[in-house]
Structures are given as C-alpha cells and as structure tokens.
Amino acid sequence: MNVTITPEGVKLDRAIVATGSLAEIYRAHIGDYPKFFKMDSLSKLGFLAAEFLLRDIPPEQKENAAVVLFNRSGSLVTDRNYQRTITLNDNYFPSPALFVYTLANIVTGEIAIRHKIYGETAFYILPERDDATIERVVADMLLTSSPTMVVAGWVDWLDENNYIADLKLITN
C-alpha cells in the first residue's frame with residue numbers, strides 16, 4: 001500500500017481519497033487525537049500519512065513494526081520558527097511547544113506513540129530524494145532488526161504550498 005499527501009490531496013494507491021488542508025483532512029478522517037494540533041507541520045504531515053497507511057492494520061501486527069522516514073530539510077521550518085522566539089532580546093519568548101519539534105525524528109516518535117509501535121524508528125536527511133538509498137536502508141532494517149513491517153518513505157514540509165508525504169508499508 002502507498003499513501004501520498006501533497007497540496008492536491010491524499011492519494012491511496014493513486015486514487016484521491018481526501019482533499020483540503022491538513023487540519024481539514026484530519027478532522028474529516030481521523031479526529032480522535034487532540035495532540036495533532038500541537039504538532040509542527042512536518043509531524044502533522046507524517047502523522048496523517050501514517051494514519052491512512054496503518055488504519056486497517058490490527059494493533060498486534062504493529063507492535064514490532066519499524067518506522068523509517070527521510071527528507072531533505074529536516075525540521076528547518078520549525079527550527080526557523082523557534083529561532084524567532086529567541087532572537088530578539090526585547091521580545092524573547094522561548095517556546096517549549098516549538099522546541100520539542102526542532103528534531104526531525106519527532107515525527108517518527110509521534111507515529112510510534114499513536115500506533116504503539118515498539119520497533120526501531122529512524123529519520124534520515126538526504127541532499128535529495130534517492131529511492132535507491134531509501135530501499136537500501138529499509139532492506140538493512142528488515143535484515144538487522146526483523147520488524148513485522150516497515151512504514152517507510154519521504155516526508156518533507158517547506159510551506160503550505162510545497163510539501164509531500166510519500167509512505168509505503170513494507171512487510172517482512
């Protein structure tokens with residue numbers, strides 16, 4: 001199964017199943033995880049893609065799963081937003097709510113927590129999308145940690161008009 005989310009909408013195996021903003025898609029199709037609104041945009045994007053990908057998988061099958069995601073910008077958007085909260089001495093207001101999302105791997109943690117995934121999680125930053133590298137990392141993960149399945153793919157957020165989540169569920 002493959003899930004792709006872009007500004008055009010959510011595609012499940014190439015068929016559009018939802019359109020709108022991430023918040024609208026969340027409200028219409030998920031709606032039961034209030035922490036969603038505290039997440040940064042990268043985490044919201046990855047979280048939604050994983051929701052569509054994993055929603056029909058029984059909990060016991062997800063326990064020993066793994067999550068491995070990739071992008072080219074890390075958590076740069078959130079890093080810049082956090083930087084704005086600490087740059088000006090006369091308007092200094094460090095935001096713990098933003099700070100927690102200044103690590104790109106937080107999205108893998110959000111997915112693991114939501115789905116009670118206890119296997120390996122990882123987030124890699126590449127100079128550009130490289131499907132061959134992604135496939136090698138996933139193959140290595142399948143060999144070394146023997147997960148029941150791997151949620152894998154590219155999750156990159158630049159702004160409201162430029163983002164993509166392209167995730168696959170790979171079974172061992």
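What follows is calculated from the coordinates using simple rules that are stated; it is not laboratory data. All of these numbers come straight from a predicted model, not from anything done at the bench. All Cβ positions, even for glycine, are placed from backbone atoms using ideal geometry, and neighbour counts span all protein chains on display.
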Pull out the extension gain between Ala122 and Ala28, defined as 0.36 nm times the separation in residues minus the alpha carbon to alpha carbon distance; nm, one decimal. 30.9 nm
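Given axes a ≥ b ≥ c from the Cα gyration tensor, I'd like to know whether region 102-152 is rounded (a/c under 1.5), prolate (a/b larger than b/c) or oblate. All intermediate terms of the calculation are to be shown ahead of the outcome.
Working: a/c = 2.48, a/b = 1.13, b/c = 2.20.
Since a/c reaches 1.5 but b/c is at least a/b, the shape of region 102-152 is classed as oblate.
Got the relative contact order for region 2-171 handy, in percent, Cα pairs under 8 Å and 6 or more residues apart?
Values: 293 pairs, mean separation 54.7, N = 170.
Rounded, it is 32 percent for region 2-171.
How many percent of DSSP beta bridges within the chain run antiparallel, rounded to 5?
On the way: 21 of 31 bridges.
Within the chain, antiparallel bridges account for around 70 percent of the total.
Give me the net charge for the shell around Ser41: Cβ to Cβ below 10 angstrom, other residues only, Lys and Arg +1, Asp and Glu -1. Walk me through the intermediate numbers first.
Numbers: positive: Lys44; negative: Asp40, Asp159, Glu160.
Summing Lys/Arg as +1 and Asp/Glu as -1 gives -2.
At 222 nm, what helix-only mean residue ellipticity would the chain give, in deg cm²/dmol to the nearest 500, using -39500 (n - 2.57) for each DSSP H run of four or more?
Counting only the DSSP helices, I get -11000 deg cm²/dmol.
Stretch Leu88-Asp131 to full length: gain in nm at 0.36 nm per residue minus the Cα-Cα span? The partial results should precede the final answer.
Working: separation 43, 0.36 × 43 = 15.48 nm, distance 4.10 nm.
Full extension from Leu88 to Asp131 adds 11.4 nm.
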Can you compute the FRET efficiency between Ala15 and Leu103 using 1/(1 + (r/R0)^6), with r the Cβ-Cβ distance and R0 = 45 Å? Round to the nearest 0.05. 0.85
